[in-house]
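Presented below is the structure to which this report refers.
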Amino acid sequence: MPPASSLSMAPPATLRVGVVGCGSFARFATQQYRTLPGLAVTAVADLDAAAAGRAAAELGVGQRQVDAMLTAGDIDLVYIATPPAAHFRQAKTALEAGKHVLVEKPPATTVAEAEELARLAAQGDLVCTANLVERYAPLADLVKQVIHSRLLGELIHGLFINDASDEGLGRNHWFWNRDVSGGIFIEHGVHFFDLVADWLGAATVVSAARSVRPHAENTAHQPVEEQVCCTCRYATEIPQTGVLVHFEHGFHQPSRLDRQELRLVFERGELRLFDWVFTHGILRALVDGATLDRLADILPGSVVRQVDRFDAAARRMRGRFKSFEASSLVEITFSSGLSKMETYARAVRDLAADQVAWIHDRFHCRRVTAANGVAAVATAHAADTLARTTG
Ligand SMILES: NC(=O)c1ccc[n+]([C@@H]2O[C@H](COP(=O)([O-])OP(=O)(O)OC[C@H]3O[C@@H](n4cnc5c(N)ncnc54)[C@H](O)[C@@H]3O)[C@@H](O)[C@H]2O)c1
């Protein structure tokens, strides 16, 4: 049966949201959704009745059965925040019932399933967007501007190192079970594949590896995959050119040491960004006065420190067979002006608001769509397959 089309009638001014899966992330995200004018969280569901009950009490809404929620006539948008392996079937059921879907990442654990969700959404004129919040972080957009302005010359390579905490991930957590999570690239890597794809376009995975925790098993008697890495090439029109970006994701740190850093190396400088949803960064670059002014325009609130100043005779420099002039070496620090959790919360709200805007106006251009979810899963799947072959 073809899905009901949302084009046939105007959506209500306030979309009624049914939440499926009431674990830790859903509780954070729904607190954000309830502050948005176009959304009203009206019911929750979870396989664990106690989890649903807690969320229902917190939000002051009713509790339902999971399958009933996915097809309920009084729900316009289903927010799915269950573990990854459940996403595909639940999102498909909701789309086939004519609901918009906001699904936690990954949208599905296989490429074919992610593609099927995108196809169903397109057929039904519905949202089916994965919660890929990274590209909504305010600094992510500024970095994109720095890259595309070419103020630092060409981007040459990138390195993202995610040394994440596993303090909340006990041996029996679904995260370690590949049948449920899909593995680290699929469960987690998708965020950063999507972010870099937003900056640089399509990725080709060129190498990948993984390591498992010594002498450890999860409760399904699988090895505990705790560290994965891969290198992707972006813009591959000319073989062996393009930007190489290396991704490292590990879950093995105490929470007080949880840390993330992205480095982007350009011809005339380097950008470093910190935190899981970027909160602050440092740019070190060789500049002239005009370049410095333009960088300051892109990075508002930045603080500039002059590290070195070159007199007229020393301003001509070379790199990559090119010559250029710079009057100083500067270090620019910048920040979102928000704490880590405020930055995260804002990105969660902005992604949802962007989808709601599209539901009301099909000419609204969304920053993330179902197609981006498919691309991120495809890159993650390629990296995962290669890592398990080689590592
Ligand atoms: N977008 C982000 O930044 C972000 C951050 C963290 C987690 N997540 C994603 O959110 C999802 C949930 O993660 P979490 O950390 O909240 O997990 P969690 O284990 O805390 O919560 C999952 C909840 O789903 C329930 N559940 C399990 N199977 C179900 C099913 N088939 N039907 C209904 N309920 C079911 C569980 O009882 C539990 O309450 C995952 O996909 C994860 O990758 C996204």
Failed condition for L102, given (1) assigned to a loop (DSSP other than H, G, I, E, B); (2) of a type outside the set (F, W, Y); (3) surrounded by 20 or more Cβ atoms within 10 Å (Cβ to Cβ): (1)
In the range 295-348, the residues that are of a type in the set (S, T, N, Q) and loosely packed, with under 14 Cβ neighbours inside 10 Å: Q306, S323, S339
Hey, T93 surrounded by 24 or more Cβ atoms within 10 Å (Cβ to Cβ) and among the hydroxyl-bearing types (S, T, Y) or not: no
Qualifying positions in the range 253-277 - under 16 Å from the mean Cα position of the chain (by Cα), among the aromatic types (F, W, Y) and either modelled with pLDDT under 95 or crowded, with 17+ Cβ neighbours inside 10 Å (or both): W276
Residue under evaluation G319, criteria (1) under 30 Å from the mean Cα position of the chain (by Cα); (2) small (G, A, S); (3) over 29 Å from N162 (Cβ atoms), criterion not met: (1)
Filtered residues of the range 125-154 (kept if of a type in the set (K, R), closer than 24 Å to D275 by Cα and surrounded by fewer than 20 Cβ atoms within 10 Å (Cβ to Cβ)): K144
Evaluation of R171 against (1) open to solvent by 10 Å² or more (accessible area, probe 1.4 Å); (2) within 18 Å of the chain's Cα centre (by Cα); (3) modelled with pLDDT under 95 (one fails), failing number: (2)
Answer from A45, A49 - the residue that is within 11 Å of the ligand (Cβ to nearest atom), without any contact (Cβ under 8 Å) to a residue 60 or more places away in the chain and out of contact with any Asp or Glu (no Cβ under 9 Å at 6 or more places or on another chain): A49
Hits in the range 66-84 - residues which are surrounded by 21 or more Cβ atoms within 10 Å (Cβ to Cβ) and closer than 18 Å to G23 by Cβ: M69, L70, V78, Y79, I80, A81, T82, P84
Index of the failed condition, A216 passing every other in (1) within 12 Å of the ligand (Cβ to nearest atom); (2) touching a strand residue (DSSP E or B) at 6+ places or on another chain (Cβ under 6 Å): (1)
Subset of the range 38-65 [buried (at least 19 other Cβ atoms within 10 Å of the Cβ) and part of a helix (DSSP H, G or I)]: A51, A52, A55, A56, L59
Selection within the range 108-119 - in contact (Cβ under 8 Å) with a residue 24 or more places away in the chain and open to solvent by 10 Å² or more (accessible area, probe 1.4 Å): T109, T110, V111, E113, E115, E116, A118
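To keep it simple, each residue is scored yes or no on (1) within 21 Å of A371 (Cβ to Cβ); (2) within 12 Å of the ligand (Cβ to nearest atom).
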site	(1), (2)
A56	no, no
G62	no, no
G73	no, no
H87	yes, yes
A97	no, no
K105	yes, yes
A118	yes, no
A121	yes, no
V127	yes, no
Close pairs (7 angstrom Cβ cut-off, 6 or more residues apart or separate chains): modelled with pLDDT of 95 or more in the range 326-349, of a type in the set (F, W, Y) anywhere: A326/F310; S327/F310; S328/F310; A347/Y136
Number of positions in the range 11-37 that are away from the ligand (no atom under 12 Å from the Cβ) and surrounded by fewer than 14 Cβ atoms within 10 Å (Cβ to Cβ): 4
Options H157, H188: the member that is under 25 Å from D141 (Cα atoms) and open to solvent by less than 30 Å² (accessible area, probe 1.4 Å): H188
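The values are calculated or read from the model by the stated rules, or taken from the named source; none is laboratory data. All of these numbers come straight from a predicted model, not from anything done at the bench. Glycine gets a Cβ as well: all are built from the backbone with ideal geometry, and neighbour counts include every protein chain shown. Heads up: the accessible areas ignore ligands, DNA and RNA and are worked out on the full protein's heavy atoms, side chains in. Shrake-Rupley method; radii C 1.70, N 1.55, O 1.52, S 1.80 Å.
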